[in-house]
Amino acid sequence: MDITVQWIRTSWTKKSRGGEAAARRNALPVGFAVPHGLAAPDAHTVRMREWEGFVPYNGRAELRDLAVRLQVRNGRLRVRPPHVDPLYGLPPRPRRPPAVRLDPGQWVRWQLNFRFSSMAGMQDWSYWLDTFNIAYGPVDAEVFLGEPSFHVDEQGPVR
């Protein structure tokens, strides 16, 4: 059975934390059309960075390199939460949501945000939002432009 994965990472600094800059960042898409010919074991990656004007850059990654764990069992796709290393655990995530089970034709959007500082605390905070769009079964290229069957929002405060 087909599995389609899209991983979007949006990166920013304190410059985009308020006002017009934050409004622009918050208006960025959380789903894109999937490039023609993409199939497992590849995932579609999109990177949008503040210092590059939030212009989307497409790429590819192998599914095994993603933090999301996928397993087909009894005709359903089990999507387990992305692993969050304690080093990157800000905001705190004391209780993670359970896995989502997808039937053919369904898809999930899973979002997590993070806050980072330099090791010595000499640089300003930086932030990123990871959005994983994962579909099970045959889908068209525009599947992630619509509403997901499931949405898991693990975004927390990143002051």
When both residues are 6+ apart or on different chains and their Cβ atoms are under 9 Å apart, which pairs have a first residue that lies in segment 42-55 and is closer than 13 Å to LEU129 by Cα and in contact (Cβ under 8 Å) with a residue 24 or more places away in the chain, and a second that is of a type in the set (D, E, K, R) and buried (at least 17 other Cβ atoms within 10 Å of the Cβ)?
MET48/ARG25; GLU50/ARG25; PHE54/ARG25
Pick from segment 36-72, criterion in a loop (DSSP other than H, G, I, E, B) and of a type outside the set (Gly, Ala, Ser), ranking: farthest from ARG96 (Cα to Cα)
HIS36
Of everything in segment 121-159, what is surrounded by fewer than 18 Cβ atoms within 10 Å (Cβ to Cβ), modelled with pLDDT of 95 or more and either among the hydrophobic types (A, V, I, L, M, F, W, C) or in a strand (DSSP E or B) (or both)? Give them in sequence order.
LEU145, PHE150, HIS151
A careful count of residues in segment 70-99 that are among the charged types (D, E, K, R) and either in contact with a His (Cβ under 6 Å, 6 or more places away or on another chain) or at pLDDT 90 or above (or both) gives 3
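Among the residues of segment 12-26, write down those that are at negative phi and surrounded by fewer than 12 Cβ atoms within 10 Å (Cβ to Cβ).
Of the residues in segment 12-26, the ones at negative phi are 12-18, 20-26.
Correct list: GLY18, GLU20, ALA23, ASN26.
The values are calculated or read from the model by the stated rules, or taken from the named source; none is laboratory data. Note that the coordinates shown come from a computational prediction; the quantities given were computed from them, not determined experimentally. Using ideal geometry, Cβ is built from the backbone for each residue, glycine included, and neighbour counts are taken over all protein chains shown.
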